[in-house]
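The values are calculated or read from the model by the stated rules, or taken from the named source; none is laboratory data. Please read all numbers here as calculations on a predicted model, not as lab measurements. Keep in mind that these areas ignore ligands, DNA and RNA; they rest on the heavy atoms of the full protein, side chains included. Shrake-Rupley method; radii C 1.70, N 1.55, O 1.52, S 1.80 Å.
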Amino acid sequence: SRYPVRRTFTFDEVALVPQYNNIPSRTEPSLETWMTRSTRAAMPLVPANMDTVIGDDLAAVIIENGGYPIFHRFTDFGAQQAWVDRYPEKTYISAGMHQSNQIRDLLERGARGVCIDVAHGHSEQMLKFLEQLKRDFPEKECIAGNVCTPMAYHDLVNAGADAVKVGIGPGAACTTRMVTGFGVPQFSAVRECAEIADKLRVPLIADGGIRSSRDIVLALA
């Protein structure tokens with residue numbers, strides 16, 4: 001067939017097989033991880049950069065526990081400037097590719113980095129935009145997404161991404177798959193991208209499809 005069909009999985013369809021354990025207590029393992037290729041975080045959780053999820057209160061909790069919030073872009077520009085002023089060097093802002101002037105202002109204001117957030121991140125326009133942004137702000141971190149294939153992850157990393165958001169269509173509020181028919185079940189998308197991430201050493205963020213603690217465990221594994 002010109003378009004081969006393959007089996008992929010959601011989080012609901014898989015489980016981890018228990019292995020021999022030599023850890024005395026569940027409180028002992030470190031939960032530290034890499035947020036980006038150059039930023040280490042004390043916790044492996046990143047709230048979705050949606051207006052119904054992240055705000056001042058949750059951002060404060062994340063920062064207090066050693067994490068970094070990614071603020072959303074669905075608010076007025078003054079509020080975004082206030083976030084950067086309140087949490088300098090701990091804040092990632094979000095933007096689309098048409099918000100170049102706002103990105104520049106917020107990065108110059110002190111934001112740690114930016115999440116370039118588009119529905120389909122594997123595009124020529126995205127790669128060119130990311131390359132230019134890294135040329136203009138080489139000291140700032142760029143998180144890019146969203147994608148759901150290893151080739152897309154690879155291309156974003158080559159364009160300069162410091163972290164890649166993986167997930168197209170798995171979120172409870174996302175209508176992409178229902179409307180367009182595009183996407184990859186999230187467990188398989190994360191697993192396949194993680195295999196190449198293991199070689200390229202650029203972190204990925206599993207974005208969407210997390211509904212319970214078991215899904216967090218599966219995504220981390």
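List of remarks:
- Near residue 115, the amide H atoms lying under 5 Å from its own belong to 93, 94, 95, 143; only residues 5 or more places off or on other chains count, and H is placed 1.01 Å from N.
- For the stretch 36-165: accessible area per residue (Å², 1.4 Å): 44 Å²
- Distance histogram in 5 Å bins (all Cα pairs of the chain, percent per bin): 1, 6, 14, 18, 20, 17, 11, 6, 3, 2, 0, 0
- Accessible area of the chain belonging to carbon and sulfur atoms, whole % at 1.4 Å probe: 53 percent
- Per residue, the convex hull spanned by the Cα atoms of the stretch 7-103 amounts to 185 cubic angstrom.
- Computed over the stretch 117-197, Cα set: Rg, Dmax in Å: 12.8, 39
- Computed over the stretch 75-218: relative contact order in percent, which uses C-alpha pairs under 8 Å that are six or more apart: 17 percent
- Distribution of pairwise C-alpha distances over the stretch 86-130, 10 Å bins, in %: 27, 51, 21, 1
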